[in-house]
Amino acid sequence: EEALRVVNVLKSANLSSKVKDIKMPLPVRKMGYVKARKSEGESILLKDALGRVCAQNAGLFRHCYPVITAGEIYDSSVIERLSAKNTFGVEGGFVKVVKE
């Protein structure tokens, strides 16, 4: 939701014609943010997180923008973006997910 708000602000500001072509997938929320943060979690390899519920925000540095927030489900695009360098919430290739 936050990503879409940022894109919409940029679109309305007409900063660049390229901004109009940005398409952000909507995150799928499985549970509320607070519930996910308070749930028992476990650390797993990022590559194994597909379909799991995020327990701790993770994202990209420079602007500390979260790619996924607690309660949302990891999908392939999130995993791909978090595979880059300069991320937060990914430690040694591991992310925190809600324990099943």
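The values are calculated or read from the model by the stated rules, or taken from the named source; none is laboratory data. Keep in mind it's a predicted model, so treat the numbers as computed, not measured. Note: accessible area is taken over every heavy atom of the protein model, side chains too, but ligands, DNA and RNA are not part of it. Shrake-Rupley method; radii C 1.70, N 1.55, O 1.52, S 1.80 Å.
Here are a few things to note about the model shown:
- Share of carbon and sulfur in the accessible area of segment 26-98 stands at 54%, probe radius 1.4 Å.
- For residue 52, the amide hydrogen comes within under 5 Å of the amide hydrogens of 74, counting only partners 5 or more places away or on other chains and with H modelled in the peptide plane.
- Taking amide H as placed 1.01 Å from N in the peptide plane, residue 30 has its amide H under 5 Å from the amide H of 72, 73, each at least 5 places away in sequence or on another chain.
- Rolling a 1.4 Å probe across all protein chains gives residue 61 an accessible area of roughly 110 Å².
- Residue-span extension gain [residue 81 to residue 38] - 0.36 nm each, minus C-alpha spacing: 12.9 nm
- Computed lengthening from residue 88 to residue 65, 0.36 nm per intervening residue step minus Cα-Cα distance: 7.4 nm
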